[in-house]
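As structure tokens, the structure follows; a few thoughts come after it.
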Amino acid sequence: MKQWQRAGWIGFLVVMAALFLVGSAAGQETWVIGTSADYPPFESVDEDGEFVGFDMDLIREIGARLDREVEIQDMDFGALIAALERGRIDAVIASMSPTPERRERVDFTDAYYQSRQGILVHPDTDVEINSLEDFMQYEFAVQTGTTMDDWATNRVEEGLIEDGQIRRYGDVTVAAMDLRNRRVEAFMLDLAVAYSLAADLGLDVAVEVQIEEAGNPGILLPKGSDEELEKINAVLAELREEGFIDELIDTWLRGVYE
Ligand code: ARG
């Protein structure tokens, strides 16, 4: 074989291999997942700009098992359900638990985790919080549209707190920085996140609590996704049985929580 012939052959093979790779990638359907990446260790953005955390590993594994390529779209927590309703994303994973109001708008898969809540405070403070009753005395932060926001709103309706005590934040990171800078006295959020931010930003978890407004998080799908719901619940059951979920707990929550 002459030199140019061989080069031609190699070129041909390289092109064929490239076409094959592009073809198989295109064959995999893209699965657009909405999240609010301000919630370590469940979802956050690392130094390389990658989405990381418990929920991110979980959704990528589910995607892999359904032969889908996961694409993450980051937005404010309070915008997720509307984005799902408008079909801008296919599903949501954001440490979000079902509530009666949410269930009217979206479907939830089975829960993949058991959640509790915690209250963050500044380490050098006169603020003393050992219970939810104590917490009600202060000016505190919650993330907009969360079950903690629901809790606070319900307490206003019961006349137990003033609406002016509540500081609602679209972004958890901003709320944590405001606590750090003493612009707010306390911050209620999911417990593992409270411990994670406490370690990262030098804050304290004053107390662990459980609010009745919160439940265990699942994955959100558009309303009426019966078939898809069944598919994902089957994968979740598989992952639970295989110990994959326990491994995620080990990887992301060991040392942080429990
Ligand atoms: N678990 C709470 C809820 O369901 C808060 C979730 C906030 N998640 C987030 N990624 N910022 O409302």
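In the chain, the portion of solvent-accessible area held by carbon and sulfur atoms comes to 48 percent [1.4 Å probe, whole percent, DNA, RNA and ligands not counted]. Tell me the angle of helix 244-253 to the major Cα principal axis of the chain, expressed in degrees between 0 and 90 and rounded to the nearest ten. It works out to around 50 degrees.
From the alpha carbon centroid of the stretch 216-258 to that of the stretch 59-84 is 13 Å.
Sorting 145-155, 202-212 by their mean Cβ neighbour count within 10 Å, with the most densely packed peptide first, gives 145-155, 202-212. Amide H to amide H distances under 5 Å link LEU189 with GLY118, LEU120, where only residues 5 or more positions off or on other chains count and H is placed in the peptide plane. Each 5 Å bin from 0 upward holds the following percent of the Cα-Cα pairs of the chain: 1, 6, 12, 16, 17, 14, 11, 7, 5, 3, 2, 2, 2, 1, 1, 0, 0, 0, 0. For the stretch 183-258, the residue among ALA186, PHE244, GLY218 whose Cα projects farthest onto the positive side of the dipole built from Cβ charges is ALA186. Dipole of the stretch 65-209 computed with +1 at Lys/Arg Cβ and -1 at Asp/Glu Cβ about the Cα centre; of THR109, THR99, ASN154, farthest Cα towards the positive end is THR109. Using only side-chain charges placed at the Cβ, +1 for Lys and Arg and -1 for Asp and Glu, the dipole size of the chain relative to its Cα centre rounds to 1280 debye.
Summing Lys and Arg as +1 and Asp and Glu as -1 over all other residues whose Cβ lies under 11 Å from the Cβ of LEU229 gives a net charge of -4. Extending 7 Å from Cα along the Cβ direction at GLU133 and again at VAL45 yields two label points whose distance is 4.3 nm.
For the chain, the share of DSSP beta bridges that are antiparallel, to the nearest 5, is 55%.
Using a probe of 1.4 angstrom and keeping all protein chains present, the accessible surface of the chain works out to 51 square angstrom per residue.
About its Cα centre, the dipole of the stretch 92-156 is roughly 360 debye, where the only charges are +1 on Lys and Arg Cβ and -1 on Asp and Glu Cβ.
With contacts taken as Cα pairs under 8 Å at a separation of at least 6 residues, the chain carries a relative contact order of 26 percent.
The values are calculated or read from the model by the stated rules, or taken from the named source; none is laboratory data. Predicted, not measured: the structure shown is a model, and the values here were computed from it. Please note: Cβ atoms are built from the backbone with ideal geometry, for glycine as well, and neighbour counts cover all protein chains shown. Note: accessible area is taken over every heavy atom of the protein model, side chains too, but ligands, DNA and RNA are not part of it. Shrake-Rupley method; radii C 1.70, N 1.55, O 1.52, S 1.80 Å.
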